[in-house]
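Enquirer: The structure that follows is given in the form of structure tokens.
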Amino acid sequence: MTLRRHAPALVTGALLLAAWEVGPPAFGVSELLIPKMSIVARALWDQWARGLVMENLLVTLWEALAGFALGSSAAVVAAALITRAPLLERAVLPYLVGLQALPKVALAPLLVVWLGFDLASKIAISTVIAFFPVLINSMIGFTTVEAEKLELMRSLVASEWQVFRIVRFPNALPFIFAGLNVAIVFSITGALVGEFVGAKKGLGMLLLQFNFNMDIGGMFAVLIVLAVMGVVLHGLVRALHRRLIFWSQPDDLERRAP
Amino acid sequence: MTAAPPLIDVRAAGKTFRARSGEAVRALEAISLAIGEREFVSIVGPSGCGKSTLLRVVAGLVEPSGGEVRIGGAPVRGPRRDIGLVFQDPVLLPWRTVQKNVLVPAEVIGLPAAAARRRAAELIALVGLAGFADKYPMELSGGMRQRVAIARALMHDPAILLMDEPFGALDAMTREAMNGELLRVWQASEKTVILVTHSIDEAVFLADRVVVMTPRPGAVRETVAVGLPRPRTTATRADPAFVRAVAGIRAHFESLPVMETLA
């Protein structure tokens with residue numbers, strides 16, 4: 001069942017790997033620019049054996065997860081406050097929209113100056129960058145409530161807090177998760193950009209080091225580690241979505257697949 | 001009709017909405033209507049006759065522009081907890097089981113949890129859903145969901161049940177079955193019911209009195225007492241008195257220029 005379902009993707013992967021192995025030499029591309037697959041595999045194995053992968057992966061993972069957790073929980077709270085307090089919305093929302101338009105990675109050099117070369121600056125960047133997708137989606141979730149659900153609560157003379165707890169918050173969960181799906185990937189980007197600006201450890205730092213040494217095989221190896229990390233984290237968020245928000249699935253197209 | 005003071009007393013209540021253009025739209029002409037305790041009243045009329053607005057005025061969800069509604073002698077000033085509401089859509093919370101949906105009013109009002117759970121189980125059985133307490137709304141049919149909504153409306157034991165086209169979204173077969181069910185539940189629970197409907201058949205089959213409304217602006221055309229004996233069954237629909245009552249009410253709408261979804 002599962003094998004049959006994933007077989008096409010596995011075949012595509014095998015074909016890509018084969019093309020990667022024989023393609024560059026066949027077209028006379030220098031190994032310095034696009035090293036073939038076996039060279040990258042050796043580089044990856046070499047990094048793994050020297051403990052470089054785990055050491056730096058854990059740093060970047062921690063930065064990204066901390067930023068994701070801080071940014072998205074702050075965003076849910078902010079969205080709840082803004083959507084429930086019209087005055088606050090009018091006072092704050094224009095500035096949030098302005099900040100939203102600013103490319104957040106531009107803050108990275110500043111945050112590194114303020115918070116140093118250690119984890120704190122990367123977590124800060126990751127937090128800022130994870131914040132906005134969750135904020136916008138949560139705001140939509142808290143306000144897109146069927147009028148009759150609210151009328152039902154009003155007919156029972158429910159308090160604002162009861163309406164929030166019983167209707168608004170669960171109603172917003174599918175929207176919040178749509179934001180989390182984006183935020184988890186953004187938070188890795190945030191951590192990486194922070195490491196590019198200045199860091200002692202992390203996959204971004206490792207990537208830059210290989211870059212300075214013109215070790216393209218090493219760079220490819222780091223990219224593979226990053227891709228796996230991104231896929232796994234995104235998959236975890238989606239699995240959580242499927243588990244918790246059983247009444248509204250992340251992606252109905254996928255469920256229709258055999 | 002009765003010597004006892006009415007439970008629900010609508011006194012010249014009207015409603016004028018302000019349209020976006022700033023123009024005043026009269027949704028409801030000043031309406032007066034007295035409903036006795038445990039009486040079952042149907043309000044029937046085409047779309048736009050203001051019957052849903054009238055229901056919301058009685059529920060305290062919409063403030064009348066003129067006149068007032070009194071319940072038990074006291075003027076209605078806002079939503080009140082002695083009223084249970086049923087909408088056309090079941091309006092269930094999809095993340096809650098049947099039991100948890102029925103418990104929503106108990107949770108909001110703060111009824112003791114153990115007693116509330118017992119009552120929820122009784123009500124779920126009363127509406128014929130015993131064994132479905134732990135199902136989610138998406139696992140139920142349309143008719144079953146509406147039964148859950150009725151059980152929820154009865155949860156806090158309100159004296160009054162207000163139903164806004166509760167069976168309008170159901171197919172004709174399910175609808176007739178639900179009519180019978182509702183009468184059974186009503187007889188068991190002794191509520192005062194106002195039911196808004198498009199269907200003259202349904203209105204006559206269920207009610208002690210049928211209020212006939214006409215649109216633009218919404219006004220009461222006539223109030224018809226239904227003398228059919230209770231308990232009413234499927235056989236009631238073949239009763240010549242039933243057929244006469246339905247024909248009599250239908251005649252009120254035949255003079256209207258626009259006929260809308262009148263069954």
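Quick grid of which residues meet (1) assigned to a helix (DSSP H, G or I); (2) within 30 Å of B:P6 (Cα to Cα); (3) not aliphatic (A, V, I, L, M):
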{"site": "B:A125", "(1), (2), (3)": "yes, no, no"}
{"site": "B:A153", "(1), (2), (3)": "yes, yes, no"}
{"site": "B:N179", "(1), (2), (3)": "yes, yes, yes"}
{"site": "B:V185", "(1), (2), (3)": "yes, yes, no"}
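Enquirer: Name the single residue, out of those in region A:200-220 being small (G, A, S) and more than 20 Å from the chain's Cα centre (by Cα), that is surrounded by the fewest Cβ atoms within 10 Å (Cβ to Cβ).
Expert: By that ranking, first place goes to A:G217.
Enquirer: Still on this structure, please answer the following. Out of B:P94, B:P90, I need the residue that is within 16 Å of B:S141 (Cβ to Cβ), in contact with a Pro (Cβ under 8 Å, 6 or more places away or on another chain) and within 9 Å of chain A (Cβ to nearest Cβ). Which one?
Expert: Just a single option satisfies the conditions, and that option is B:P94.
Enquirer: From the list A:F68, A:F27, which one is in contact (Cβ under 8 Å) with a residue 40 or more places away in the chain and not aliphatic (A, V, I, L, M)? Can you show your working first?
Expert: On the way: A:F27 fails: in contact (Cβ under 8 Å) with a residue 40 or more places away in the chain.
Only one candidate passes the filter, namely A:F68.
Enquirer: Please determine, by comparing only the residues of region B:51-87 that are without any contact (Cβ under 8 Å) to a residue 40 or more places away in the chain and in contact with a Pro (Cβ under 8 Å, 6 or more places away or on another chain), which one is nearest to the other protein chains (Cβ to nearest Cβ).
Expert: B:L61
Enquirer: For region A:25-82, name all the residues that are among the polar types (S, T, N, Q) and in a helix (DSSP H, G or I).
Expert: Here is the first cut: in region A:25-82, the residues among the polar types (S, T, N, Q) are A:30, A:38, A:47, A:56, A:60, A:72-73.
Within region A:25-82, A:S38, A:Q47, A:N56, A:T60, A:S72, A:S73 meet the criteria.
Enquirer: Would it be correct to say that B:G48 is of a type outside the set (D, E), touching a Gly at 6+ places or on another chain (Cβ under 8 Å), more than 14 Å from chain A (Cβ to nearest Cβ) and in a strand (DSSP E or B)?
Expert: Answer is no for this residue.
Enquirer: Return the total of residues in region A:105-131 being assigned to a loop (DSSP other than H, G, I, E, B) and touching a residue at least 60 places away in the same chain (Cβ under 8 Å).
Expert: 2
Enquirer: Looking only at region A:133-148, filter to residues that are assigned to a helix (DSSP H, G or I) and surrounded by fewer than 20 Cβ atoms within 10 Å (Cβ to Cβ); which one of those is farthest from the other protein chains (Cβ to nearest Cβ)?
Expert: A:I136
Enquirer: I would also like to ask the following. Sort through B:E139, B:E122 and tell me the only one that's within 13 Å of chain A (Cβ to nearest Cβ), farther than 26 Å from B:T197 by Cα and either buried (at least 19 other Cβ atoms within 10 Å of the Cβ) or at pLDDT below 95 (or both).
Expert: Checking each option against the conditions leaves just B:E139.
Enquirer: Also, I was wondering about something else. Just to be sure before I move on: is B:A203 touching a residue at least 12 places away in the same chain (Cβ under 8 Å), part of a helix (DSSP H, G or I) and aliphatic (A, V, I, L, M) in the structure I sent?
Expert: Taking the combined requirement at face value, the residue satisfies it.
Enquirer: Which of the residues that make up region A:147-187 are free of Cβ contacts under 8 Å to residues at least 24 places away in the same chain, out of contact with any strand residue (DSSP E or B) (no Cβ under 6 Å at 6 or more places or on another chain) and not hydrophobic (A, V, I, L, M, F, W, C)?
Expert: Matches in region A:147-187: A:E148, A:K149, A:E151, A:R154, A:S159, A:Q162, A:R165, A:P170.
Enquirer: Now a separate question. Within region B:74-117, how many residues are in a loop (DSSP other than H, G, I, E, B), aliphatic (A, V, I, L, M) and either buried (at least 20 other Cβ atoms within 10 Å of the Cβ) or out of contact with any His (no Cβ under 8 Å at 6 or more places or on another chain) (or both)?
Expert: Matching residues across region B:74-117 total 5.
Enquirer: All but one of (1) free of Cβ contacts under 8 Å to residues at least 12 places away in the same chain; (2) more than 26 Å from A:G202 (Cβ to Cβ) hold for A:S138, so report the exception by its number.
Expert: With (1) free of Cβ contacts under 8 Å to residues at least 12 places away in the same chain; (2) more than 26 Å from A:G202 (Cβ to Cβ) applied to A:S138, the lone miss is (1).
Enquirer: Of the conditions (1) within 17 Å of A:W247 (Cβ to Cβ); (2) at the interface with chain B (Cβ under 10 Å from one of its Cβ atoms), A:F175 satisfies every one except a single condition; which number is it?
Expert: If we test A:F175 against (1) within 17 Å of A:W247 (Cβ to Cβ); (2) at the interface with chain B (Cβ under 10 Å from one of its Cβ atoms), just (2) comes out false.
Enquirer: Turning to a different aspect of this structure: Just to verify a result, which residue in region B:155-177, among those that are closer than 19 Å to B:R38 by Cβ and assigned to a strand (DSSP E or B), is nearest to the chain's Cα centre (by Cα)?
Expert: Per the criteria, the residue is B:M163.
Enquirer: Evaluate the following for A:S159: is it surrounded by fewer than 23 Cβ atoms within 10 Å (Cβ to Cβ) and either out of contact with any Ser or Thr (no Cβ under 8 Å at 6 or more places or on another chain) or more than 14 Å from chain B (Cβ to nearest Cβ) (or both)?
Expert: So A:S159 fits the description; yes.
Enquirer: In region B:16-64, what count of residues is obtained for those that are over 26 Å from B:A225 (Cα atoms) and modelled with pLDDT under 90?
Expert: 11
Enquirer: On to the next question. If I ask for residues that are among the hydrophobic types (A, V, I, L, M, F, W, C), exposed (fewer than 12 other Cβ atoms within 10 Å of the Cβ) and touching an Asp or Glu at 6+ places or on another chain (Cβ under 9 Å), which ones from region B:211-235 would you list? Before the answer, list the steps.
Expert: Step one: of region B:211-235, the residues among the hydrophobic types (A, V, I, L, M, F, W, C) are B:211-213, B:219-220, B:224-226, B:228, B:235.
Narrowing the set further to residues that are exposed (fewer than 12 other Cβ atoms within 10 Å of the Cβ) leaves B:225, B:235.
If the condition is that a residue be among the hydrophobic types (A, V, I, L, M, F, W, C), exposed (fewer than 12 other Cβ atoms within 10 Å of the Cβ) and touching an Asp or Glu at 6+ places or on another chain (Cβ under 9 Å), then B:A225 is the only one that fits.
Enquirer: Picking from A:V97, A:V112, which residue would you name as being over 26 Å from A:M205 (Cα atoms) and away from every other protein chain (no Cβ under 14 Å)?
Expert: Going through A:V97, A:V112 in turn, the sole match is A:V97.
The values are calculated or read from the model by the stated rules, or taken from the named source; none is laboratory data. Keep in mind that what you see is a predicted model, and the values were worked out from it rather than measured. Because the Cβ atoms are built from the backbone with ideal geometry, glycine has one as well, and the counts that use them run over all protein chains shown.
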